[in-house]
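Here's the structure we're looking at; comments come further down.
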Amino acid sequence: MGVGVLADVHGGESEAEGGEGPDGAGEPAVREQGAAVLSLGVGLCYAELGTLVPSAGGEYSIVGQVLGRLAGWLVFVISIVSLLVIPPIIALGTAGYLGSVLTMDPAVAGALVMCVAVAVGVLDIKSNALITGVFLGLEVLAAAVVTVLGLTHVRQPVSTLVHAVVPDGQGGTSPFTAGLLISGLAVAIFTYNGFGTAVYLSEDLRDPRRSVARTVLWSLLAGVLVITLPVVAICLGVASPDQLAAGDLVAVVDDWAGSGVGTFVSLCIAAAILNAVIVMVIQNGRVLYASARDRTWPAPVNRALGTLHPRWGSPWVATLAIGLPGAVLALTVPIDALLGFTGVVVAVIYLLLGIAALAARRGRHRSTDAWRMPLWPLAPVLTTVVLGYTLTQQSVRDLLITLAVVAAGVLYWFAYLRPRSATHWVLSLPEDQSPADRSPQARPAGPPLTRTPAPAAATAAGGTTGTSTSTSTPEHP
């Protein structure tokens with residue numbers, strides 16, 4: 001969540017890459033308000049679909065179960081590419097916030113953050129929760145400090161939160177229009193991205209058909225508060241729109257309370273970056289593990305990626321496979337230029353989740369025991385329409401990169417997966433399998449997109465028949 005504050009206050013630089021220019025007075029706050037409303041609609045879709053399809057595969061399992069195997073495969077393809085590049089993109093920002101205590105090359109710092117995140121990611125889920133919880137406490141404390149300082153040093157009119165302006169490129173300003181707001185949503189919703197993590201960890205949760213929805217919605221609420229309040233405080237407390245456009249949060253805090261507090265906030269942002277990367281590596285490893293369980297790859301690869309650590313029960317090979325390349329990318333490739341692409345990917349995935357939420361109450365899904373969002377289909381309809389328009393406003397370069405990734409996925413589908421459709425890309429839920437059959441190499445081939453009752457032994461250990469048998473024990477990553 002601390003990364004969300006960083007991303008939005010520093011959004012001028014990110015958006016400049018997309019051609020929108022630096023932030024103006026009140027623009028980050030208005031943009032976050034729009035992103036928060038859109039994220040609420042997406043969060044409701046996540047909450048319902050995550051209880052309908054409680055799988056470590058996350059979005060690809062959801063879309064595949066609801067919209068079909070090919071749609072699920074394409075979501076997996078664009079997701080796996082973004083899962084490779086998003087953590088190192090975020091990790092590259094660490095060095096700038098360690099500058100008050102030590103000087104490091106951004107690439108080296110990013111690679112070290114990735115390595116630490118991978119080391120934590122292979123631990124058991126309880127250790128993961130403890131470590132990330134400590135970092136989260138620091139993030140919330142820093143956000144509270146920034147909020148209090150900003151609201152006690154108000155220098156800009158409250159009207160800037162509603163009537164925002166942006167630089168016009170000629171030394172003046174122009175109104176922040178609805179068109180600019182929507183075109184920037186792909187990047188803005190990236191700041192809230194993460195509230196759906198509970199879906200990836202549904203196999204680690206007790207009774208996921210009940211707990212996933214609650215976790216998603218409470219995480220979203222916490223994220224909105226911890227991100228939006230500091231952004232509002234900063235917009236009101238900056239000395240001038242030019243200071244806000246510079247995007248230097250630490251300089252703003254130094255101006256309010258001195259270099260000591262500025263250093264504390266800077267180090268907390270560095271901790272927030274590390275924490276965000278740790279969480280991503282944990283969830284990304286589980287997505288890759290789930291792909292092996294669904295027999296996405298040749299058998300030797302499935303066996304390797306489906307290996308669980310004998311002590312910690314984590315998908316350690318999959319975690320290393322998705323995390324270590326990120327360290328190499330951070331060290332050797334200027335991947336921060338792909339930030340716009342990651343925003344497009346997030347928007348595409350959210351769009352497909354909105355479509356899946358519209359289709360989730362028909363056919364065999366109608367009678368499934370799952371949490372149902374209120375006022376359906378309002379949230380998925382609005383989410384789908386807004387994100388569809390948002391994608392039309394993105395840069396041609398980012399859209400072409402996304403299309404190239406999709407094209408590569410389609411090629412793999414027709415060349416490898418479709419000819420083996422009886423045995424590969426068999427989208428299943430953990431409750432479809434007995435404990436002895438959870439590994440990719442142990443499960444017999446079965447028809448795709450089918451569900452069998454939980455076996456009696458697993459049911460006795462994990463709950464009643466018809467609900468997920470996953471627990472928080474490490475055997476179910």
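Quick notes on this structure:
- The sole residue among A327, A415 that is more than 21 Å from the chain's Cα centre (by Cα) and either open to solvent by 10 Å² or more (accessible area, probe 1.4 Å) or of a type in the set (G, A, S) (or both) is A415.
- Here L201, L267 are screened, and the one residue that is open to solvent by 10 Å² or more (accessible area, probe 1.4 Å), under 30 Å from K126 (Cα atoms), at pLDDT 85 or above and not hydroxyl-bearing (S, T, Y) is L267.
- Summed over segment 218-265, residues that are farther than 30 Å from A198 by Cβ and assigned to a helix (DSSP H, G or I) total 23.
- Selection within segment 389-402: residues that are open to solvent by 30 Å² or more (accessible area, probe 1.4 Å) and either small (G, A, S) or in a helix (DSSP H, G or I) (or both). The member of this set that is nearest to V37 (Cα to Cα) is Y389.
- All of (1) more than 19 Å from L338 (Cβ to Cβ); (2) touching a residue at least 24 places away in the same chain (Cβ under 8 Å) hold for V75 with one exception: (1).
- Long-range neighbours under 8 Å by Cβ, at least six apart or interchain, first residue under 12 Å from F341 (Cβ atoms) within segment 389-406, second assigned to a loop (DSSP other than H, G, I, E, B): S395/G19
Matching residues to (1) of a type outside the set (V, I, T); (2) within 18 Å of G262 (Cβ to Cβ); (3) buried (at least 21 other Cβ atoms within 10 Å of the Cβ):
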site: V108; (1), (2), (3): no, no, no
site: M114; (1), (2), (3): yes, no, yes
site: A117; (1), (2), (3): yes, no, yes
site: V122; (1), (2), (3): no, no, yes
site: G133; (1), (2), (3): yes, no, no
site: V145; (1), (2), (3): no, yes, no
site: T152; (1), (2), (3): no, yes, no
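- Filtered by the rule that a residue be within 16 Å of T296 (Cβ to Cβ) and hydroxyl-bearing (S, T, Y), segment 385-416 gives Y412, Y416.
- When segment 79-124 is filtered for residues that are of a type in the set (S, T, N, Q) and closer than 18 Å to T332 by Cα, the ones remaining, listed by number, are S82, T94.
- Of the residues making up segment 53-81, those that are among the aliphatic types (A, V, I, L, M) and in contact with a helix residue (DSSP H, G or I) (Cβ under 6 Å, 6 or more places away or on another chain) are V53, A56, I62, V63, V66, L67, A71, L74, V75, V77, I78, V81.
- Residues that are of a type in the set (V, I, T), assigned to a helix (DSSP H, G or I) and buried (at least 24 other Cβ atoms within 10 Å of the Cβ), drawn from segment 33-76: V42, T51, I62, V63, V66, V75
The values are calculated or read from the model by the stated rules, or taken from the named source; none is laboratory data. Note that this is a predicted model, so its numbers are computed, not measured. Quick reminder, even Gly has a Cβ in these numbers, built from the backbone with ideal geometry, and neighbours come from all protein chains shown. We work out accessible area using only protein heavy atoms, side chains counted, and drop any ligands, DNA or RNA first. Shrake-Rupley method; radii C 1.70, N 1.55, O 1.52, S 1.80 Å.
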